[in-house]
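In what follows, a structure is listed as structure tokens, so that the remarks can point back to it.
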Amino acid sequence: MIKDENKKFSIKDDFSMLALLIIPVGVAVNFVGGQLASLLKLPMYLDTIGTIFTAMLAGPWLGAVTGLLTNIVTGIANPVNFAFIPVSVVAGLVTGAFARANFFNVWWKWVIAMVAMGVASILTAAPIVVLMFGGVTGSGASLITATVMAAGANIWTAFIGTEGLFNILDRIVSFLICMSVIKVIPARNLIKFSCGKFYIKNKKEEK
Amino acid sequence: MEKTFTEKIQICKKNKIAGLYPTTKFQVVILFSISTIVLNSIKLTDFKLALLLIPWFLLVPFMFAITGEFKKCMKAMKAISFIAIFIMVVQTFIVSGGKTLWVWHFIAIREKGLQTGLSLCFLILNIAGIFVWLFQSTSTKEITRCLEDTKMSFKVAYIFASTLEMIKVFSSKSKIILDAQRARGVETEGNLFIRAKAFIPTLVPLILGGIIGSEERVLTLEARGFSMKGNKTHLFNLKKSGYERIILTISIIITILILAGRIYLWIMN
């Protein structure tokens, strides 16, 4: 096991040159993930893979910046995305915090982390969607939300019930994809990221 | 006469509004958004509808037109209009509460639904519309350069520019990888499970390539003195169109008038 001598993490140390260059990669992966999901006609968004990946490798602050930049860049084409900046930022922060705490080494810790990530994203998305968009955003899941609302359900329960379910499923799939990528990254690359060492230890145990 | 390289890469806009300095445009966007929110709080007629937002919205296409980018902007507005209209329909016909205004079989329009539907729809159209104007009339090159000028760290500007490039590169790369995997026999069509299985063999090489490539980019950047402290020279420079003051003054006056009107209405009631 690699002993961690300086447990204190400063934000400035987080933003090293290599970590900075991971941000564009993360944003591009978010973008391409969403594109691929619609190309393969999958019933999911899968547009947070890059944010989760960056956060898992380089910690919460980098994850948050990746989330922020993703929504700014997609907002250039469709400004509605600006409203969802907090959701992406929180997704990055929460995932990064779990990565820092070395939560991704045992399977039951994964489950806790995934559920927490899903819950955090619903809790940030719900007020935005309900108060600013009246519960629907024009996506596929919105049609279900609208139907549930028409059946007489409260706007908050309707949104959290339908979109929440989609969100948690989305997070689980994104997370599993990130994990499978991290497993194949060579150790010499992993060690350069602030949270990378946790995954190297994983590899040794498996052998 | 033959243009030099530095002359070729400068952006020269004939339209004075489109050529406004990006910061000025951003200030106009902020003032417009504030005015929209203030106008939304003024409720007219017996049903308390935010009707003033509808004439206010006419200003958005007007802005598109005077910038000379009408077609481009309208194209970008399509997705937004879809969301706005969807929200309006859902709110008007589904949200219950208040008096029932109109009934036809099972469809009914209720007072409260109409109120929130109308104001949400036009809030989104107005604010998203003005952002469309900002981004359609400003190229990303200008935004990046402006980020540097506003005393932001040059790293921020670089990351922004690099992100936009990276998206293009990754989009084309993902198509190449998908084709290559297809050639190897990975199925990309069929039922949901088969399609989902094609997702991972496409994304994993893409991310791996990105991670390993970024190490090389660090070396390249450092070799060119990226983190060097000191003044930097630029090949591309932003020019002011000369109309910044006038446009900003007009926007501030309109915003103040709207605010004054709002306060006047408060005092009267």
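Every number in this text was worked out from the coordinates using simple rules, so none of it is lab data. Quick caveat, the model's predicted, so the values are computed rather than measured. Here the Cβ positions follow ideal geometry from the backbone for every residue, glycine too, while neighbour counts run over all protein chains shown.
Miscellaneous remarks
- Per-residue extension of 0.36 nm, minus the Cα-Cα distance of B:Lys72 and B:Ile194, leaves a gain of 40.1 nm for this segment.
- Annotation: segment B:66-149 has a Kirkwood hydrodynamic radius of 15.0 angstrom, from the mean reciprocal C-alpha pair distance.
- Pairwise centroid distance, computed over Cα atoms, of segment A:124-186 with segment B:125-189, Å: 25 Å
- Most mobile listed residue (B:Ile109, B:Ile159, B:Ile211) in chain B, GNM with C-alpha springs under 10 Å: B:Ile211
- Residues B:Lys3 and B:Lys151, FRET efficiency given R0 of 41 Å [Cβ-Cβ distance, rounded to 0.05]: 0.85
- Helix-derived mean residue ellipticity, 222 nm - over chain A, DSSP H n ≥ 4, -39500 (n - 2.57), to 500: -24500 deg cm²/dmol
- Sequence-ordered 3J(HN,Hα) estimates for segment B:237-248 from the Karplus curve with 6.51, -1.76 and 1.60 and θ = phi - 60° stand at 10, 8, 10, 7, 7, x, 9, 4, 4, 4, 4, 5 Hz, glycine and proline given as x.
- Spin-label pair B:Ala183-A:Thr147: with each label point 7 Å from Cα along the Cα-Cβ axis, the two points sit 4.3 nm from one another.
- Helix-only mean residue ellipticity at 222 nm for chain B, each DSSP H run of n ≥ 4 adding -39500 (n - 2.57), per residue, nearest 500: -23500 deg cm²/dmol
- In segment A:11-206, Cα pairs under 8 Å separated by at least six residues give a relative contact order of 21 percent.
- 5 Å-binned pair-distance histogram of segment B:145-223 (Cα, whole percent): 3, 13, 16, 18, 14, 11, 9, 7, 5, 3, 0
- Amide H contacts under 5 Å for B:Arg110: B:Leu101, restricted to partners 5 or more places along the chain or on a different chain, H placed in the peptide plane at 1.01 Å from N.
- Placed amide H near B:Leu51: partners under 5 Å, 5+ positions off or other chain: B:Leu44
- As a calculated quantity, the FRET efficiency between B:Ser33 and A:Leu169 at R0 = 41 Å, using C-beta atoms, amounts to about 0.75.
- Projected area, mean over directions - the protein assembly as shown, Cα convex hull, nm²: 29.2 nm²
- Cα→Cβ-extended label distance, 7 Å offset, between B:Ile256 and A:Asn189, nm: 5.8 nm
- Neighbour counting of Cβ atoms within 10 Å sorts the residues A:Ser38, B:Ser174, fewest neighbours leading, into A:Ser38, B:Ser174.
- For segment A:83-90, Karplus couplings with θ = phi - 60° (6.51, -1.76, 1.60), whole Hz, Gly/Pro x: 5, 9, 4, x, 5, 5, 4, 5
- Extending 7 Å from Cα along the Cβ direction at B:Cys12 and again at A:Trp107 yields two label points whose distance is 6.8 nm.
- Each Lys or Arg adds one and each Asp or Glu subtracts one; over the other residues with Cβ under 13 Å from the Cβ of B:Thr24, this totals +2.
- For A:Thr137, the amide hydrogen comes within under 5 Å of the amide hydrogens of A:Ser142, counting only partners 5 or more places away or on other chains and with H modelled in the peptide plane.
- FRET efficiency, A:Leu176 to B:Thr23 (Cβ-Cβ, R0 45 Å, nearest 0.05): 0.55
- Most fluctuating residue given options B:Phe57, B:Phe47, B:Phe32, as computed from a GNM of chain B linking Cα atoms under 10 Å: B:Phe47
- With Cα atoms, 0 to 90° folded angle of helix A:155-184 axis to chain A main axis: 30 degrees
- For B:Gly190, net neighbour charge (Lys/Arg +1, Asp/Glu -1) across residues whose Cβ lies under 13 Å away: +2
- Contour minus Cα-Cα distance for B:Thr140 and B:Phe47 (0.36 nm per residue): 29.1 nm
- Per principal axis, descending, Cα span of chain A in whole Å: 57, 36, 34
- Rounded to whole Hz, the Karplus (6.51, -1.76, 1.60) HN-Hα couplings of segment B:195-208, x for glycine and proline: 5, 5, 5, 6, 5, 5, x, 8, 6, 4, x, 5, 5, 4
- Mean separation of Cα contacts under 8 Å, 6 or more apart, over the residue count of segment B:145-223: relative contact order %: 21 percent
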